[in-house]
Every structure is written in structure tokens, then in C-alpha cells.
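What follows is calculated from the coordinates using simple rules that are stated; it is not laboratory data. Source: prediction; values computed, not measured. Because the Cβ atoms are built from the backbone with ideal geometry, glycine has one as well, and the counts that use them run over all protein chains shown.
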Amino acid sequence: MDNFKSGNALDSYKYMGNHKATHNGKEGISFMVWAPNAKEIELVGDFNDWDGSSHKLENLYDSGVWSIFTTDLSQGDIYKYNVVGCDDVSRLKSDPYGTYAQLRPETASKVFDLGKFNWSDKKYIEQKNKKSVFEQPMNIYEVHLGSWKRKWDGDFFNYQELYEMLEYCKDMGYTHIELMPITEYPLDMSWGYQTIGYYATTSRYGNPDEFKAFVDKAHELGLGIILDFAYSHFCKDLHGLYRFDGSPQYEYANPLKAENLGWGTAHFDVGKPEVNSFLLSNVIYWFKEYHIDGIRVDAVSSMLYLDYDVGDWEPNEYGGRENIEGINFLRRLNEVIYANVENPIVVAEESTAWPMVTSPTYSGGLGFSYKWNMGWMNDTLKYMEKDPIYRKYHHDLITFSFMYAFSENFILPLSHDEVVHGKKSLLDKMPGDDWQRFANLRLLYAYYMIHPGKKLLFMGSEFAQGLEWRYAYGLEWQLLEIEQHSKMKDYVKDLNYMYKDEKSLYELDNTYKGFDFIDPNNKDQSIITLMRLSKNPKDFIIAVLNFTPNVYYDYKVGVPYEGVYEEILNSDNEKYYGSNQTMADAELVSVDEKWHNKPYHITIKVPPLGATFIKLKREKVKEDVVDEEIEISVKENTDTVGEKSSINVTVEKDSNVVKVNKIMQNHKKTKKNKSKNKRKNKKRSYNK
């Protein structure tokens, strides 16, 4: 209890709320709630006809933490707290630590035992924790569970029925799923961001165990789960946290800091110790109890600034606009996560230029793993919305993001926020006739995939949803019966698999070592050429992106090595509804002439409103070693282990000596490697 009062509790969910308990030899349920300024609290529900006179809670040691043990409730029973506040007003409140609730519009909490679920994801977690998230592919499918699909009568799909969505994401090549808030919330229109129950999975889709099974199934399929949280604010519905004990208990007492006028919500008083215990325990609860892989913290900017959507405001103690309590809380939140969770993903949706969001707290940063790159998103969509004839006058919109691409660990978001409130769907943002709109969208996705940063795409965008996102309706799945939409889905799927297959697209995401801007300056033709690299310097992808409808047949591209190159994917392929200006069967032989500050170049065909992805197929072998007769002496190493034998081969030519050390593997391993290479080559045949 002392830890809770001092703001240091990370497991307060284990005793606050409702829990099975034994008292004086009797089995029952204990209830515990924090309400420091309440005058009286009663436990009420159907079990006592909502008359709490026989179920009064005790203020433990006058600590402000109230408790009761009773044998009158069992699994599934509903309850509330009747809180008589310091203002002598009685309010029926849901349990702040309740783990389950009634389906809206009903508002009571439910008794639920969280200790029964048997997890089967141990192998997934062990494998995940062996790898750094920063050097692994992260391609996120953002989902609102209530509108991925919707039943004809308006009912929601439950968690078990939504396994279909998990299978779909696995098939499409995504690595993670980010769920818009699944904590309990009263108003569908808020999409979950105005939370009422921070510890409760919303009853819209099932009970807590069914959500655990959903996460378990995702892990079985190799998919990570990231959850959205709005720790900056909470809704002001009367049965929630607002004025819980008649006073500003969870929110700031200062009215200039308590209200978020833009959203009509209340700000958490993150300077209060008990609120810290409530929120820090909450984030650990979701990682530990539900095995989630990461969280995304919504609206971080509103926690960093005192003047963010609040109307009148007053400076901090140093005369600035920074919210010192909010900054300290965010740093502590990340420190707590990293100290208690192995290999977590913690993402900030931070929309300003606040520095060092993803830098460690010990160096003055906020400590997040990743930050949404909102600048990239705004500039890119602004550029893509322009008619191609005018794009050359705004070339900086498509290149400026590379100037700061490595200042943070970025995620590139094409999220729900960009397809609502009159902003139009991604397809409808694109200019031109029907063919050009689809070509522009394919080009956007190619640019998004080659650009440094992890990826996030909102559901429906993968098949070019026509309408804006509507939270009360399912996606337009019927569009897959139309050729261009079906082919867009195939294109995004191939892009996703290319991303997973090619280490150069993710292994060095956060450093200039993984990036080379071969030609950023061709604004007259609105073409950019760039290269992504892995730790192996000869494992790279070159992308040429043409933001105009012109085709260029003899376009020179600088390359770093002499040899033969090949096109591995082209957004203009006819199988993607393109005009088929591809080089699918061509071998692109390098020319020994400098170009774009590279020692060699290749000549390619550049597709209209399209992108081509090119790799080194084979490096040129020096002729003086291959064509001339040489003498080889072989000495067998008798020091062998098992079935492996070591042979030292000395190649002599004139006075030059080249030593080659080969390891002869057994036939089984050779056969296995051939099979592996065959699969690898098959993955790369996107154009076939």
C-alpha cells in the first residue's frame, strides 16, 4: 500500500479492483478502490438490489483506499461503487481497476477472474526476445476491430471470429497488428480514445480470456500485437474517473491544466503519486497479463505542452510552455517498461518537433522505441495530391524527409487519421483518371516501402478502399471483385514480402549506413533514385521512382559494383493493373563509366507513375583470374571433425598468391542449402 501511495506501485492491479479471496475460512471476493476524499463508499449491484447499506467499504487506516470482502458475488455479477463525495453528492461509479464491463450503453463493472487462461505462446516469446526489434522487419497493419468487418445486423465480430483477420494479416505478409484502443469506452464515435476502463477489455468483442486467446492466436501465426493507449486524457462520463470522489482526484485541480477543450476530456494529473501508480501499473498489466508486444501512446504532444488544446494556460515555474510533470511521467513510463518487459515496442504519436523522443532518458530523451513520422506523412500526401505537371515545383516535399530520417527511430504512418473527417481515402487523394489514381497509389506505397523507417498502413488501404473509413461499418470488401482493387491487394502483398525478404529494407533503418541517396535532385523529371543497404555492403536495393506519367527508356542509374543487375519488382507490372513498362526478363549489365557519384552505371526503363526495384544479380568476375591457366596445389587438412574436412587451396599466378579456404560440407547440408537458395530465389520472383 505504501508503494501505491508513493507512486511506486507497478502491480497495483493485483490488489485493487476485484479479486478472489479467502477470509476467516470463507471464499469470496475482495474489492478495493482509491478515493481519498470520499465520505462513504458502498458496493451496489443486482446482488443487493442496488442498496449498499449492507455492503459498506472500510477506509483502510484512513489512507483513502477503501476495501470490502464479501461472499455475495460470483463470476459475471455486475457491480458499481456508490461514492458519497466530499461535496456530499452520491455518484455511481464503475471500478477504475475493473477488468470487464457491461456492453454499452450499460455501464456497470463485472466480476471476472483473470487467472484461468493457459497460454501457448512460450516459443514465440522466446524467439522474439532473441532479436533486436530495431534490426527486424516491422510492417504494421492498423486495425479498428469494430469495423474491419461488421455483421449485416450491425453486431460486432467477436474475438474468435476475428481470427480470420489474423490469418489475413499473416497471408498478406504483415509482421504486427496495431489495434486501436480495445480498453472499455462508452462512445463508439470516439474509436476507443476516450477510455472509461483502462484495465478492461471492451465487451464489444468478448471477455478478457477471449482477448487473451486472440493474442495467443496472433503469436501462433508469428504476428506481434501493439495496443493504442491514451494516457494523456480520459472521458468525463459520470460513471468514470472524472470527479471520482467529488474532487479532482485523477485530473488536475488547476482548471487551466485539467481540461482538454479540443477533445472535451480531462487530463490525468501525472504529478500525483497515486495516479502514477494507476497508470504505470496499467501498462505493466497489459504486457504481463495479456502478453502484448508493444504499445502506442496517443497524443504525446498534449502531455508535453501546457498550451496544447487547453485555451488559456499559464507558464511553468521556469516561464516556459513545457509540462514538466508530463515530461517526467513519459520518461518514467518508458523506464518502467524497459526495466520490466523484455524487448518491448513503445511508440509515440508525437506531432511536433520535440527533440530526442526516441533517445534514452539518461541522455535527456523521452525514451520511446519509435516515433510516428508525422512530418513525412504530411509532406508526402501533400506532394502526391498534386497534379504530376506541378510536382517539379514542390520536389522538396518528397526529398526533405531524408534530411532528418535518422534523427529519431521512425515509423512511417499511413494511419486512420489520414482517411477520416473529409480527408478522403488514400485512393481518392490521388490525382488523375482512374488508371492514374491507382498508379499514383502504387507509387506512394513503393516510396513508403523504400523510405527508411518501419511501416504502418491502415486497414482497407491495401486494396484501395474507395470511401473514407467509417467506424460503424465494415470495410468495402466487395471491391475485391473489381480488377484494379484485387490487383492492388496483390501488389501490396508482394511489397510486404519483398520487405520481409530483403534485409536492406529494415536491418539498418536508423542509420545513414543503411541509406544512399543516389540522385535526389532530378526535379525536372520528378524522379528520385535511392539505395537501401544491409550490413552486407553487396546486399542492397536500388529504387527509381518516377512521379510523372512519362516513360524513360534509356535512363542512367549509378551503381556501386560492376556486374549484372535485375529488376525484382515493378509497380507498373500488368499484374498490378499497370501498363507493363517493366524489365522483368532483362539482365542489366553495368557500364564502366561514372554516374551519380558511382563508379559504374546501368541503363534502365523507368515506368510511368511507377517504381522499379533493382538488385545486383551477380558481380563481375575478374577475367585475368578465370581465363588464364593457373597452377593449383591442394593440401588436405587431416585435422577433421565429424564429416567435415578442411581443404586449403593455393592459387598461384606469376608472383601473386591467393589463398582460399573452403569447408567441404556433407551431402545433406549441401542439399539443404540448395533447397534454401531455391526458396530464396522463388521469393524474389515478384515480376514473373
Set 487/605; 212/288; 20/236; 170/489; 423/523 screened for pairs whose C-alpha atoms are more than 20 Å apart: 487/605; 20/236; 423/523
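Once you keep just the Cα pairs under 8 angstrom separated by 6 or more residues, what percentage relative contact order results for the stretch 512-622?
Values: 271 pairs, mean separation 34.9, N = 111.
It rounds to 31 percent for the stretch 512-622.
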Please report the spacing between the Cα centers of the stretch 404-462 and the stretch 145-203 in Å, no decimals. 22
Relative contact order of the stretch 1-144, defined on C-alpha pairs under 8 angstrom at six or more residues apart (%): 19
Give the Debye-formula value of log10 I(q)/I(0) at each listed q (0.09, 0.15, 0.18, 0.24 Å⁻¹), with one equal scatterer per alpha carbon of the stretch 512-622, two decimals each. -0.21, -0.60, -0.87, -1.47
Relative to the longest principal Cα axis of the chain, at what angle does helix 163-172 sit, 0 to 90 degrees, rounded to 10? 20
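Taking the stretch 1-109, which chymotrypsin sites (Phe, Trp or Tyr not before Pro) meet the DSSP loop condition and have no more than 10 other C-beta atoms within 10 Å? Mind dumping the intermediate values first?
Details: sites: 4, 13, 15, 31, 34, 47, 50, 61, 66, 69, 79, 81, 97, 100; in loops: 15, 50, 97, 100.
Those that pass, being in a loop and sparsely packed, number zero.
What list do you get for 284, 295 if you sort them by fewest beta carbons within 10 Å?
Details: 284 20, 295 25.
So the ranking, lowest neighbour count to highest, is 284, 295.
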Counting only C-alpha contacts under 8 Å and six or more residues apart, can you give the relative contact order of the chain as a whole percent? 9
Under unit Cβ charges (Lys, Arg +1; Asp, Glu -1), what dipole magnitude, rounded to 20 debye, does the chain have relative to its Cα centre? 2420
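Counting only helical runs of four or more DSSP H residues, what would the 222 nm mean residue ellipticity of the chain come to if each run contributes -39,500 (n - 2.57) and the total is spread over all its residues? Present the calculation step by step, with values, prior to reporting the outcome.
Numbers: 16 runs with 159 residues, N = 688.
That comes out to -7000 deg cm²/dmol.
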Local electrostatic count, residue 78, Cβ distance below 11 Å [Lys/Arg +1, Asp/Glu -1]: -2
